[in-house]
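Heads up: the structure comes next, in structure tokens.
The values are calculated or read from the model by the stated rules, or taken from the named source; none is laboratory data. Predicted, not measured: the structure shown is a model, and the values here were computed from it. Glycine gets a Cβ as well: all are built from the backbone with ideal geometry, and neighbour counts include every protein chain shown.
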């Protein structure tokens with residue numbers, strides 16, 4: 001099986017910061033989509049707080065911005081597909097194969113981000129309760145303690 | 001003397017050659033509409049003329065428009081006038097037979113504060129947007145149902161009239177459901193008035209007919225204004241029984257996001273059949289599945305993959321390092 005090789009290049013200057021959102025749902029599509037038009041450009045503030053408000057398929061979502069810890073950077077990686085794959089909406093959906101249909105060339109990072117938005121439904125709890133927040137912040141703190149050489 | 005029709009900033013010449021579906025199809029834009037963001041919820045109220053005493057008996061009527069459609073807002077309206085002001089010769093008696101043109105004209109008359117009618121009638125409107133309705137019904141917890149929303153909105157509108165100093169002594173309400181429990185609820189809430197809740201109240205009481213006109217015209221023009229600003233084709237009345245509406249829904253749906261304009265009630269079965277149900281005969285061949293994990297009652301464990309034939313993970317696609 002071909003494994004994708006992700007190349008992280010050091011020259012990150014000039015790479016745009018993506019508008020990245022982590023959604024509380026599985027979306028069965030990974031091709032190009034008008035995300036800014038339908039989602040990112042329509043985010044507002046919830047009740048004048050710093051909580052974010054948006055809607056996806058009619059569901060109200062509450063969001064917070066999660067800053068990546070210092071010395072961490074987020075990379076958006078696009079997997080180039082073989083020519084036989086078609087991203088447009090057609091009537092035919094081919095069965096996905098078990099083997100990863102990716103090129104064995106390296107996949108460059110297309111853009112970077114230093115923060116992303118976490119979204120949840122019907123939330124009144126603070127961001128510190130969010131499992132993704134905990135995963136990113138608490139575990140990186142924990143890991144740096146363990147790995148500390150002091 | 002009637003006020004001249006105001007020219008609206010949205011009017012475009014509708015000629016036989018031009019694409020009539022793109023032009024703004026209304027002569028009068030009522031003040032109850034927020035013209036910058038017409039797709040959003042909105043509260044609007046008027047008052048009676050300053051020289052008309054508020055401390056005399058008033059009657060108030062309540063009606064709504066747009067409860068059933070899959071597009072656009074649900075609009076609640078109250079209208080009130082002094083008990084001894086005679087409404088019958090203004091043409092409100094038989095609202096069921098009114099055309100949309102006639103309704104629009106009557107609302108213009110009500111808005112004309114130089115005339116006897118406009119001076120003695122006050123009205124308020126609460127328009128609940130499609131987005132607000134759907135979000136309330138699609139909540140995971142404490143789902144807001146239409147009836148509760150209807151009752152809360154009505155009581156709020158009436159309370160605000162009292163708060164403005166108007167002495168309402170008679171309240172007439174049109175209802176879809178059984179009138180008795182609702183009448184008791186309203187009577188208990190407003191003991192200072194005699195409350196009458198009944199079906200077809202708009203044909204029985206002119207003040208309810210008046211409220212009905214305020215609600216219908218507000219909703220119709222609001223919906224048309226959204227359509228015009230979206231520059232989208234005619235989507236009919238917004239009811240799912242209307243072939244133009246279902247045609248618009250099917251042809252303009254985006255398989256991931258749904259519809260532009262925040263005008264579709266995503267909680268309505270018609271919309272869900274097109275967007276969310278893979279096997280229904282109305283869904284498109286480009287159907288995209290979105291799983292909200294609602295069926296799992298156990299706390300979501302993001303390390304457990306959702307079982308499926310595609311063996312997909314909770315987010316993104318599978319690949320193995």
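Considering only residues that are in a loop (DSSP other than H, G, I, E, B), under 19 Å from the mean Cα position of the chain (by Cα) and buried (at least 18 other Cβ atoms within 10 Å of the Cβ), which ones fall in segment B:60-97? Within segment B:60-97, B:66, B:69, B:70, B:72, B:73 qualify. Among the conditions (1) more than 25 Å from residue B:42 (Cα to Cα); (2) in a helix (DSSP H, G or I), residue B:191 misses just one, which is (2). For segment A:25-35, does any single residue satisfy the condition of being closer than 23 Å to residue B:287 by Cα, loosely packed, with under 11 Cβ neighbours inside 10 Å, more than 8 Å from every other protein chain (Cβ to nearest Cβ) and modelled with pLDDT of 75 or more? Checked segment A:25-35: at least one residue is closer than 23 Å to residue B:287 by Cα, loosely packed, with under 11 Cβ neighbours inside 10 Å, more than 8 Å from every other protein chain (Cβ to nearest Cβ) and modelled with pLDDT of 75 or more. The residue of segment B:132-176 that is modelled with the lowest pLDDT, among those that are farther than 18 Å from residue B:41 by Cα and in contact with a helix residue (DSSP H, G or I) (Cβ under 7 Å, 6 or more places away or on another chain), is B:143.
Just name the residue that is surrounded by the most Cβ atoms within 10 Å (Cβ to Cβ) out of those in segment A:47-73 that are within 14 Å of chain B (Cβ to nearest Cβ) and part of a strand (DSSP E or B). Step by step, filter segment A:47-73, then rank; the result is A:61.
For the structure I just gave you, tell me whether residue B:230 is surrounded by fewer than 18 Cβ atoms within 10 Å (Cβ to Cβ), on the phi < 0 side of the Ramachandran plot and at pLDDT 60 or above. Considered against the rule, which asks whether it is surrounded by fewer than 18 Cβ atoms within 10 Å (Cβ to Cβ), on the phi < 0 side of the Ramachandran plot and at pLDDT 60 or above, residue B:230 comes out as yes. Residue count for segment B:234-266 satisfying the condition of being in contact (Cβ under 8 Å) with a residue 12 or more places away in the chain, within 9 Å of chain A (Cβ to nearest Cβ) and surrounded by fewer than 21 Cβ atoms within 10 Å (Cβ to Cβ): 3. Inclusion of residue B:215 among residues that are modelled with pLDDT of 95 or more and either assigned to a helix (DSSP H, G or I) or more than 22 Å from residue B:46 (Cβ to Cβ) (or both) is warranted. Examine segment A:64-78 for a residue that is at pLDDT 75 or above and either farther than 29 Å from residue A:43 by Cα or over 19 Å from the mean Cα position of the chain (by Cα) (or both), and state whether such a residue exists. So far as segment A:64-78 goes, no, none of its residues is at pLDDT 75 or above and either farther than 29 Å from residue A:43 by Cα or over 19 Å from the mean Cα position of the chain (by Cα) (or both).
Say whether the condition of being at pLDDT 60 or above, more than 30 Å from residue A:135 (Cα to Cα) and within 12 Å of chain A (Cβ to nearest Cβ) is met by at least one residue in segment B:289-304. Scanning segment B:289-304, I find no residue that is at pLDDT 60 or above, more than 30 Å from residue A:135 (Cα to Cα) and within 12 Å of chain A (Cβ to nearest Cβ), so the answer is no.
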